[in-house]
Amino acid sequence: MPASGSAKGAAMVTAVAYRLADQTRQIAQTLAEFRLSKAQLLEVKKRMRTEIENGLGKNTHDSATVKMLPTYVRSTPDGTENGDFLALDLGGTNFRVLLVKIRSGKRRTVEMHNKIYAIPIEVMQGTGEELFDHIVHCISDFLDYMGMKSARLPLGFTFSFPCHQKSLDAGILVNWTKGFKCTDCEGEDVVELLREGIKRKEEFDLDVVAVVNDTVGTMMTCAYEEPTCEVGLIAGTGSNACYMEEMRNIETVEGNEGRMCVNMEWGAFGDNGCLDDIRTQYDRAVDENSLNEGKQRYEKMCSGMYLGEIVRNILIDLTKRGFLFRGKISETLKTRGIFETKFLSQIESDRLALLQVRAILQQLGLDSTCDDSIIVKEVCSTVSRRAAQICGAGMAGVVDKIRENRGLDHLDVTVGVDGTLYKLHPHFSRIFHQTVKELAPKCNVNFLLSEDGSGKGAALITAVGCRQRAQEAQQAAQQA
Ligand code: BGC
């Protein structure tokens, strides 16, 4: 007997409802892998702690993934820093050249002038000589602009990549990270490469005093205002932290007195496989398509350069399974790097109506339905929540280590923070703070946003370096 019209209709509605329910369940299942429990986060904290010890230990350092690199910065600023300094900032979203005028005394002031320069992708992935020639060309332009070509200014070089330092003014590049991959630089002293570039140009001279990681610059900038700041964090294009460690624990440097800032290079956490149980197929896909496969695995789960890529890989998979974009993978979705931090931030903003989310996707060339936009937003928030949480778990490990170093039941500490993800994203900082609080309950952690941390910090460190140099010269003269 043929089914009546209404029975057929009811059957179709039920079938569609089943399909939708099944689809919702499958999407939820996919995203569930990104939702970490407190126990899992505590495990991340614990593993970070193990890797920290490996990086600091004499016998374990060479094979350690979290390198814990000494920076030769032995104290935070004391307010007596003074003078005019040039600073370079390479490795974040932009390349900048800055003139920083620091004045000590009763009314301490820091005045800054800077210019931003683009680094074309061919230069980021060309030869080392081309990169340094480009940098020197930008410095030359800046000095012309400021009318300062003849002054031989002391310079601090914020170089935001892992460097082995044997002194304040020498740094051997361990490996490139983020979008950089210039030839002939890894294993070389980047200060020497800069000096050689300046010599090739034969237009001006500079006195390179310090090479500085951006985390260290950020910590120093915040410490200038707030002396309890002893930790620096970057949550931006890349991810990393530094903190003041006891000299007695840094077995790779002679001496047991006082403290030294250690550039953790925590982005490489997980490179020995210790985070594999929480990495998803999408994390693996992002890694496989990157310039540095197998490296910086933690960074690839929690920094701005990669979050959009994780999102894109999930969206591709959901589309292939027919849950999104009517099952069609557009050219846009195939394009690497389309979801920059600023887009994720916009999509996740609570102030946006779904219609506006659709408009953003449209701008990117993604034709979405209302349902699509709900799913995309959910994917973005799941990925960025996990990022903030694992970053918080790492930080909880760091502050608890500082507390234990000092034999305290309770620690008050300030973390200086910079980075586009932290600053622009509508939820990252809140979830990150919450996680640190939950996972390190014996620490009262205050977060200070660094204004222009990298440039100012490099200048402050250069000032301290110049002072140290003068003291050493005086001592040598007295002995002679
Ligand atoms: C680099 C670090 C840097 C961080 C943030 C990472 O990729 O290895 O040296 O501090 O990015 O810029």
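Between the Cα long axis of helix 128-146 and the first principal axis of the chain there is an angle of about 70°, rounded to the nearest 10. Contact order for region 7-111, expressed relative to its length and based on alpha carbon pairs under 8 Å spaced 6+ residues apart, stands at 13 percent.
Compared with the dominant principal axis of the Cα atoms in the chain, helix 38-56 is inclined by about 30°. Here is the list for region 351-415: trypsin sites (Lys or Arg not before Pro) lying in DSSP coil, each with at most 11 other C-beta atoms within 10 angstrom of its C-beta, are 351, 406.
Taking each residue as 0.36 nm, the span from residue 363 to residue 164 lengthens on full extension beyond its C-alpha to C-alpha distance by 67.3 nm. List the residues of region 298-333 whose backbone N lies under 12 Å from a point placed 7 Å from the Cα of residue 378 along the Cα-to-Cβ direction. Residues 323-324 qualify, since their backbone N sits under 12 Å from the label point. Accessible surface calculations at 1.4 Å, restricted to protein heavy atoms, place region 84-234 at 41 Å² per residue.
So what's the chain giving for Rg/Rh, alpha carbon basis, Kirkwood Rh from the mean inverse pair distance? Reported Rg/Rh (Cα atoms, Kirkwood Rh): 1.04. For region 119-196, with all protein chains in place and a probe radius of 1.4 Å, 51% of the accessible heavy-atom surface sits on carbon or sulfur. Residues 310, 338, sorted by accessible area with the largest first, give 338, 310 [1.4 Å probe; ligands and nucleic acids excluded]. Please identify which residues in region 75-92 have an amide N closer than 18 Å to a label point set 7 Å out from the Cα of residue 107, following the Cα→Cβ vector. Those under the cut-off are 80-83. Relative to the current alpha-carbon distance between residue 247 and residue 442, full extension at 0.36 nm per residue lengthens the span by 67.9 nm.
I'd like the antiparallel share, as a percent to the nearest 5, of DSSP beta bridges with both residues in the chain. The antiparallel fraction comes to roughly 60 percent. For region 1-106, trypsin sites (Lys or Arg not before Pro) meeting the loop criterion (DSSP other than H, G, I, E, B) and having at most 11 other Cβ atoms within 10 Å: 58, 106. Cross-link reach is defined here as a Cα-Cα straight distance under 18 Å, omitting same-chain residues fewer than 8 places apart; for residue 67 the lysines meeting it are 45, 46, 58, 166, 178, 295, 300, 401. The angle between the Cα long axis of helix 190-201 and the main principal axis of the chain comes to about 70°, on a 0 to 90 degree scale.
With a 1.4 Å probe and all protein chains left in place, how much of the accessible area of region 36-77 comes from carbon and sulfur atoms, in whole percent?
Roughly 49 percent of what the probe reaches on region 36-77 is carbon or sulfur.
Within region 438-472, whose backbone N sits under 14 Å from a point 7 Å along Cα→Cβ of residue 94? Only 452-456 pass the distance filter. Legend: calculated FRET efficiency, residue 58 to residue 25, from the Cβ-Cβ distance at R0 = 51 Å, rounded to 0.05, equals 0.45.
Rounded, prolate or oblate, given the Cα gyration tensor of region 125-180, with a/c below 1.5 counting as rounded?
Oblate shape, in that a/c is at least 1.5 and b/c is the bigger or equal ratio.
Take every pair of alpha-carbon atoms less than 8 Å apart whose residues are at least six positions apart; their mean separation over the length of region 148-299 yields a relative contact order of 18 percent.
Normalised by the number of residues in the chain, the mean separation of alpha-carbon contacts (under 8 Å, six or more apart) gives a relative contact order of 19 percent.
With a/c under 1.5 counting as rounded, go ahead and sort region 396-480 into rounded, prolate or oblate using the C-alpha gyration tensor (a ≥ b ≥ c being the square roots of the eigenvalues; past the cut-off, prolate if a/b is larger than b/c, else oblate). The shape class here is oblate. The calculated FRET efficiency for the pair residue 181 and residue 228, based on their C-beta separation and a Förster distance of 30 Å, comes to about 0.20. Figure note: 298, 72, 422 ranked by solvent-accessible area, largest first, 1.4 Å probe, ligands and nucleic acids not counted: 72, 422, 298. With the gyration tensor restricted to C-alpha atoms of region 85-139, the semi-axes of the equivalent ellipsoid amount to 30, 10, 8 Å, longest first. A straight Cα-to-Cα reach below 27 Å connects residue 101 with the lysines 115, 149, 199, 201, 423, 456, residues fewer than 8 places away in its own chain not being considered. Take 473-480, 179-186 and order them by the average number of nearby Cβ atoms within 10 Å per residue, most first; the result is 179-186, 473-480.
Placing +1 on the Cβ of every Lys and Arg and -1 on the Cβ of every Asp and Glu, with nothing else charged, gives the chain a dipole about its Cα centre of roughly 1680 debye.
The values are calculated or read from the model by the stated rules, or taken from the named source; none is laboratory data. Since the structure is predicted, the reported quantities are computational estimates derived from the model, not experimental observations. Quick reminder, even Gly has a Cβ in these numbers, built from the backbone with ideal geometry, and neighbours come from all protein chains shown. Areas reflect the complete protein model, heavy atoms only, side chains present, ligands, DNA and RNA absent. Shrake-Rupley method; radii C 1.70, N 1.55, O 1.52, S 1.80 Å.
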